[in-house]
Amino acid sequence: MKEYLTKFIDNNYKEFHKKLVFSKYEILGVRSNILKDYAKKLQKENTFDEFFNKFLKDEKFYEYLQIIAYGINYEKDFSKALKYTKLYLDFVDNWANCDTLVPKSFKNQDIKAFVNELICENHIYKIRFGIICYMKFIAYKDGLKAIFSIKSDEYYINMARAWYFQVVLAKEFELGISFLSSHKLDAKTLKMTLQKCKDSYQISQENKAKLMQILV
């Protein structure tokens, strides 16, 4: 597979991507549309299971993990997607391989217990993925306290927490502001949250002003 992907290498994209993603894995420099198409083909031909089992044994590289993440995203069987997710996360060491994983089969499933286990792990990207799951698949009212309660000095965890609170404030402003006005965020996460809110096109200028007045 690595040999196959080398013909799609874009060196400019590679150099740009290496400035954004820091990983122990080799980055070839293949654009995401190529990787998505590869994963779709595996699922369409019912060969993803075999591909995943081979992945567990093979030497890993960045794009290999991306294909696996996309393949899990396209997996229709929830129990299989959950099993693969648990195995995949053991190998993730960067935000991009983490954030690419958004399994469609998780929608409308009760994954709260699984997610709560993740956010208690001693693993940056399992925690980050748990936060993303709260953002994508679980009602905001059920996630606020859990995400607030995470204590970490890790940038990629706290940036995900800030992202979560920004999304809540964009989607359900009164719920978010009510919670955050009575639950004081640590200074770093608050700063990141306010910056994300400031940059958001989904939060009105009026609500941005309220945030600064109430939270700062």
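The values are calculated or read from the model by the stated rules, or taken from the named source; none is laboratory data. The structure displayed is predicted, hence computed values, not measured ones. We place every Cβ from the backbone using ideal geometry, glycine too, and count neighbours over all the protein chains shown. Ligands, DNA and RNA are excluded from the accessible area calculation, which covers all protein heavy atoms including side chains. Shrake-Rupley method; radii C 1.70, N 1.55, O 1.52, S 1.80 Å.
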Can you pull out the residues in the range 171-195 that are within 18 Å of A160 (Cα to Cα) and polar (S, T, N, Q)?
T189, T193, Q195
Do you know which residues across the range 173-215 are touching a helix residue (DSSP H, G or I) at 6+ places or on another chain (Cβ under 9 Å), among the aliphatic types (A, V, I, L, M) and free of Cβ contacts under 8 Å to residues at least 24 places away in the same chain?
L194, M212
For K54: the one exception among (1) within 24 Å of E117 (Cβ to Cβ); (2) in a helix (DSSP H, G or I); (3) open to solvent by 50 Å² or more (accessible area, probe 1.4 Å):
(1)
Checked against (1) in a helix (DSSP H, G or I); (2) among the acidic types (D, E); (3) touching a helix residue (DSSP H, G or I) at 6+ places or on another chain (Cβ under 7 Å), E121 satisfies every condition except (1)
Going through the range 82-102 in order, the residues found to be surrounded by fewer than 17 Cβ atoms within 10 Å (Cβ to Cβ) and outside any loop (DSSP other than H, G, I, E, B) are K83, K86, L87
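Quick one: would you say S79 is open to solvent by less than 80 Å² (accessible area, probe 1.4 Å), polar (S, T, N, Q) and in a loop (DSSP other than H, G, I, E, B)?
Working: open to solvent by less than 80 Å² (accessible area, probe 1.4 Å): yes; polar (S, T, N, Q): yes; in a loop (DSSP other than H, G, I, E, B): no.
It is false that S79 is open to solvent by less than 80 Å² (accessible area, probe 1.4 Å), polar (S, T, N, Q) and in a loop (DSSP other than H, G, I, E, B).
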Inspect the range 139-151 for any residue being charged (D, E, K, R), touching a helix residue (DSSP H, G or I) at 6+ places or on another chain (Cβ under 8 Å) and surrounded by 13 or more Cβ atoms within 10 Å (Cβ to Cβ) and give the result as yes or no.
no
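Being of a type in the set (A, V, I, L, M) and surrounded by 23 or more Cβ atoms within 10 Å (Cβ to Cβ) is the filter here, so list the residues in the range 128-137 that pass it.
The initial filter retains those residues of the range 128-137 that are of a type in the set (A, V, I, L, M), namely 131-132, 135.
Listed by number, the list holds a single entry, I131.
Confirm whether K60 is surrounded by fewer than 22 Cβ atoms within 10 Å (Cβ to Cβ), assigned to a helix (DSSP H, G or I) and not β-branched (V, I, T). Walk me through it before giving the result.
Working: surrounded by fewer than 22 Cβ atoms within 10 Å (Cβ to Cβ): yes; assigned to a helix (DSSP H, G or I): no; not β-branched (V, I, T): yes.
In short, no.
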Taking only the range 164-209 into account, find how many residues are part of a helix (DSSP H, G or I), open to solvent by 70 Å² or more (accessible area, probe 1.4 Å) and farther than 16 Å from F148 by Cα.
7
Name every residue in the range 1-51 that is among the β-branched types (V, I, T) and either open to solvent by 100 Å² or more (accessible area, probe 1.4 Å) or in a helix (DSSP H, G or I) (or both), in order of residue number.
T6, I34
Of the residues Y156, Y140, Y164, Y134, only one is over 26 Å from K57 (Cα atoms) and touching a residue at least 60 places away in the same chain (Cβ under 8 Å); which?
Y156
